Amino acid sequence: MTDTLMVEADRVSKSFGSNKVLKSISLTVKRGEVMCLVGPSGSGKSTFLRCINHLESVDAGRLRVDGELVGYREKGHILHELKPREAALQRRDIGMVFQRFNLFPHMTALENIIEAPLRVKRMPKAKAIERGMDLLAQVGLADKADSYPAHLSGGQQQRVAIARALAMDPKLMLFDEPTSALDPELVGEVLDVMKQLAKEGMTMIVVTHEMGFAREVADSLVFMDGGVVVESGDPREVLANPKHERTKSFLSKVL
Amino acid sequence: MSAETRSGSVAGSAPPPTDDDGTAIRAVKLRHPIRNIFAVIILLFAAAFVYDAALRPAYNWPAVAKYIFDRRISEAAVITLELTVYSMLIGVALGVVLAVMRLSPNPVFKSLSWFYLWVFRGTPVYVQLTFWGLLSVIYPTIDIGLPFLNPFITLPTGDVLNVFQLAVIGLALNEAAYIAEIVRAGILSVDHGQEEAATALGMSWFQTMSRVIIPQSMRVIIPPVGNEVISMLKTTSLVTAVPFSFELFTRSRDISAETFTPIPLFLVASIWYLAFTSILMIGQYFLEKRFARGIGVAQPEKKVTVATGAVPVVGDEGDDDQKSGGVHSGGTP
Ligand SMILES: Nc1ncnc2c1ncn2[C@@H]1O[C@H](COP(=O)(O)OP(=O)(O)OP(=O)(O)O)[C@@H](O)[C@H]1O
Ligand SMILES: [Mg+2]
């Protein structure tokens, strides 16, 4: 059964000092599923995403990606933290897209994309460039290969960032508010790329306030508040008639 | 930038640009009369000073001309340059290591680096150089081996290290402490999201540092390091403390002690120092340009900005060049 599951969170908890940010989160994401994660600011959405690729370590509970425990090795009921090198090995299969793009400003769009394949996967340069150009074409930016990020619009930068993550051939993509830093007229071009990716069968977890995207593309919607999953289910259903009081009040603000 | 091109094309010989409406733009550049008056006054003072200096016997220009390319002086100048280059190279390499250690998550590295900085920044470089000069007195032999055991090899200190090498070591170790702080500030100036993005791509800590963080911090690091190089050029004059006396300043002073002409010899030394500093400043300019890539200063892709900047000239086409990205937006079929 577990081999159809891409992400499996089992009572995941995380605190920063005395601040309990994630309180026993349990959820699953199937292979090829698109899950949207929504919730008010400070509810722990980013922290949860960062736990999935071990940018943050979980304090309790178990988090598996593709059946493999993230960041730890289990030896007879005790979890041992992985070495940085082993954690890096797990991360290369998980793509992440950030709210503020985080492109490398001293590299051109193409250089941004081929950096990790060259250094991390040790792919031959010609092959990396060929794949990089394909990806740029896929996000509609074939003519911007030699542009530096500072010369691209926000929407273009975010599309390059998506291409950069895809260049590692990830089995799972994490998006942390990918359109929140964009001017309204640039949101569409980024969502279009993400829709296309979903159509091609990519497994995605998307933190977003774009309820239209959730309704149209997502297979499931999870509403988080105060570090717990308050409500989850089919996005159209949750958005149309939320059961929980907190979900209702949140949705009334963002819709 | 656009304002400049516009007024430039008006002031130049090209005919004033005309819009379709037929209204020509006539711009007169803002004038700065006060600025010009000041410039003239300063030039006058400078001219008076130079004229006076040229005729003043104390400067003894014939002696300056005689000693500027004197064999002993030019050799000393080369030695000064060597001291500067070697101690800077070692200082920068060690400084980067210290900075990275200080920022590493390893508490042992952190404390070691902190202790090093505490010692080498907390004592005057002149005292440090004196100490290095006394090394063979304090430690007559260099023992290689394990702590508390009989050494494998024992070498007399004086045979292993000559005074030039001691001078370089003294300058370099002191310099490393300052470079470490400059590099640390540079690394901290890079947005945290950069490290996060690199880590998320599966890059190791070392790859993240060397490929992403350090190249970006260069922009912040280079100007103060350039400053340090120039400062080092002059600090080399302190190596008499070792005692090493073949660099430019000490050499000039020693010659003047024989000839009783200190003023022209110090002028000679100053001219050499100035010449080296000028070369270093040119080098720094090119390094800064190199690491400004992608930061939006000097860019190869000027065409786009020029086209938009020169709107009044062509009118029709150049304008939507930049927006073409928007047209592409639905790029994925
Ligand atoms: N590195 C950290 N150290 C300490 N506290 C942190 C850290 N990262 C996040 N927090 C805290 O954890 C809580 C949840 O933050 P998180 O970024 O996960 O929220 P979010 O749901 O993504 O909110 P937003 O919509 O504003 O992005 C916040 O109270 C935040 O202050
Ligand atoms: Mg967040």
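The values are calculated or read from the model by the stated rules, or taken from the named source; none is laboratory data. The shown structure was predicted, so the numbers you read here are calculated from the model rather than taken from an experiment. Cβ placement follows ideal geometry from the backbone for every residue including glycine, while neighbour counts extend to all protein chains displayed.
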- Residue list for segment A:16-46, filter: within 9 Å of ligand 1 (Cβ to nearest atom), within 19 Å of A:His209 (Cβ to Cβ) and away from every other protein chain (no Cβ under 14 Å): A:Leu37, A:Gly39, A:Pro40, A:Ser41, A:Gly42, A:Ser43, A:Gly44, A:Lys45
- For segment B:221-261, name all the residues that are within 25 Å of B:Leu161 (Cβ to Cβ) and outside any helix (DSSP H, G or I). B:Val242, B:Pro243, B:Phe244, B:Ser245, B:Phe246, B:Glu247
- Query: From the list A:Gln158, A:Gln99, which residue is touching a residue at least 40 places away in the same chain (Cβ under 8 Å) and more than 10 Å from every other protein chain (Cβ to nearest Cβ)?
  - Reply: A:Gln158
- Message: I'd like the full set of residues that are more than 8 Å from chain B (Cβ to nearest Cβ) and either part of a loop (DSSP other than H, G, I, E, B) or in contact (Cβ under 8 Å) with a residue 24 or more places away in the chain (or both), limited to segment A:128-141.
- Response: A:Ala128, A:Arg131, A:Gly132, A:Leu135, A:Leu136
- Message: Quick test for you: out of A:Glu111, A:Glu115, A:Glu130, pick the one residue that is modelled with pLDDT of 95 or more, more than 22 Å from B:Phe291 (Cβ to Cβ) and either away from ligand 2 (no atom under 16 Å from the Cβ) or in contact with a Leu (Cβ under 7 Å, 6 or more places away or on another chain) (or both).
- Response: A:Glu130
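For every residue, the table says whether it meets (1) surrounded by fewer than 23 Cβ atoms within 10 Å (Cβ to Cβ); (2) free of Cβ contacts under 8 Å to residues at least 60 places away in the same chain.
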| residue | (1), (2) |
| --- | --- |
| A:Thr28 | yes, yes |
| A:Met35 | no, no |
| A:Pro40 | yes, no |
| A:Thr47 | yes, yes |
| A:Ser57 | yes, yes |
| A:Ala60 | yes, yes |
| A:Leu69 | yes, yes |
- Taking segment B:185-212 and keeping only residues that are buried (at least 22 other Cβ atoms within 10 Å of the Cβ) and out of contact with any strand residue (DSSP E or B) (no Cβ under 9 Å at 6 or more places or on another chain), one is left with B:Gly186, B:Ala198, B:Thr199, B:Met203, B:Val212
- Message: So, in segment A:169-186, how many residues would count as being at the interface with another protein chain (Cβ under 10 Å from one of its Cβ atoms) and over 14 Å from the mean Cα position of the chain (by Cα)?
- Response: 2
- Query: Out of curiosity, is B:Glu181 within 12 Å of chain A (Cβ to nearest Cβ) and part of a helix (DSSP H, G or I)?
  - Reply: no
- Residues in segment A:60-74: is at least one away from chain B (no Cβ under 14 Å), in a loop (DSSP other than H, G, I, E, B) and within 16 Å of ligand 1 (Cβ to nearest atom)? no
- Check whether at least one residue in segment B:167-175 is farther than 30 Å from B:Val212 by Cα, touching a Phe, Trp or Tyr at 6+ places or on another chain (Cβ under 7 Å) and either within 14 Å of chain A (Cβ to nearest Cβ) or in a loop (DSSP other than H, G, I, E, B) (or both), and report yes or no. no
- Message: Among (1) closer than 22 Å to B:Pro243 by Cβ; (2) assigned to a loop (DSSP other than H, G, I, E, B), there is one condition B:Val137 misses while meeting the rest; what is its number?
- Response: (2)
- Query: Has segment B:262-277 got at least one residue that is under 14 Å from the mean Cα position of the chain (by Cα), in a helix (DSSP H, G or I), of a type outside the set (A, V, I, L, M) and modelled with pLDDT of 90 or more?
  - Reply: yes
- Which residues, taken from segment B:47-69, are without any contact (Cβ under 8 Å) to a residue 12 or more places away in the chain and either buried (at least 17 other Cβ atoms within 10 Å of the Cβ) or outside any helix (DSSP H, G or I) (or both)? B:Arg56, B:Phe69
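To keep it simple, each residue is scored yes or no on (1) within 16 Å of ligand 2 (Cβ to nearest atom); (2) part of a loop (DSSP other than H, G, I, E, B).
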site	(1), (2)
A:Thr28	no, no
A:Gly42	yes, yes
A:Phe48	yes, no
A:Cys51	yes, no
A:Val58	no, yes
A:Leu79	no, no
A:Leu89	no, no
